[in-house]
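Inspection log for the structure reproduced underneath, given as structure tokens.
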Amino acid sequence: MKVLFLDIDGVLNSTRSCIANKGYPHDFSPEGMPMFDSIAVSLIRGLCARGGVSVVVSSAWRITHHWDAIGRALELPTMDRTPSLLGVRGDEIAHWLEAHPEVTQYAIVDDDADMLPEQFPFFVKTDGHEGLSYANFAQLCSLFGVNQYDCAPNRMRIASGVKLVWEDIDLLEGDAA
Ligand SMILES: [Mg+2]
């Protein structure tokens, strides 16, 4: 089982999205939903779908919202949340991992770095002003052995395995006919 420990504030929203979307989300209401960074959410969604990765909510949102409700609202495959302990977030993640020996691969994404030393090779730190960047996404893909371009929809054809071709393939083929 592959698991992503997901923080929300500073990852799926940011100073950047707050200014652009006129506020930070506090819930999944019709007012709150547009305040998430929809690109960041979509990138995580693509990684999970392509890599067969499940989400464990490590964000403080797990205290005010059930992990299942978080998954349903953001369309992410959440399966659990980390426990609330007195230590740092890394302790909560370590505690969850100890209880789940079936985990074969994991990664952590968070804008805070309160992780344990042994977790740092699997940790992707975002900048809370920016939220999840493309570089952060690519790093997560690499940790899970997922080709980042495979997360793109079919219409984006990959040239040379390196570069995306942005033309709509169907349209081009239609033109040629
Ligand atoms: Mg955070």
Handout entry: Cβ charges +1 (Lys, Arg) and -1 (Asp, Glu), total dipole of the stretch 49-116, debye
Key = 240
Fill in the blank from the handout: Extend 7 Å from the Cα of Asp91 along its Cα-to-C-beta direction; within the stretch 37-73, residues with backbone N under 19 Å of that point are 58-63
Fill in the blank from the handout: Measuring from its Cα centre, the stretch 43-84 shows a charge dipole (+1 at each Lys and Arg Cβ, -1 at each Asp and Glu Cβ) which, in debye to the nearest 20, is 80
Handout entry: Accessible area (Å², per residue) of the chain, counting only protein heavy atoms and a probe of 1.4 Å
Key = 52
Completion exercise
Taking the chain, the equivalent ellipsoid from its C-alpha gyration tensor has semi-axes in Å, biggest first, of 30, 20, 15
Exercise for the section: With θ set to phi - 60°, apply the Karplus curve 6.51 cos²θ - 1.76 cosθ + 1.60 along the stretch 29-45 and write out the HN-Hα couplings as whole Hz, x wherever there is a Gly or Pro. Expected result: 6, x, 7, x, 3, x, 8, 6, 7, 5, 6, 4, 4, 5, 5, 5, 4
Fill in the blank from the handout: Answer in debye to the nearest 20: the dipole magnitude of the stretch 2-176 about its Cα centre, from +1 Lys/Arg and -1 Asp/Glu charges placed on Cβ, is 160
Fill in the blank from the handout: For the chain, the accessible surface attributable to carbon and sulfur atoms (probe 1.4 angstrom, ligands and nucleic acids excluded) amounts in percent to 57
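The values are calculated or read from the model by the stated rules, or taken from the named source; none is laboratory data. All figures in this text were calculated on a predicted structure; none of them were measured in a lab. We place every Cβ from the backbone using ideal geometry, glycine too, and count neighbours over all the protein chains shown. Areas reflect the complete protein model, heavy atoms only, side chains present, ligands, DNA and RNA absent. Shrake-Rupley method; radii C 1.70, N 1.55, O 1.52, S 1.80 Å.
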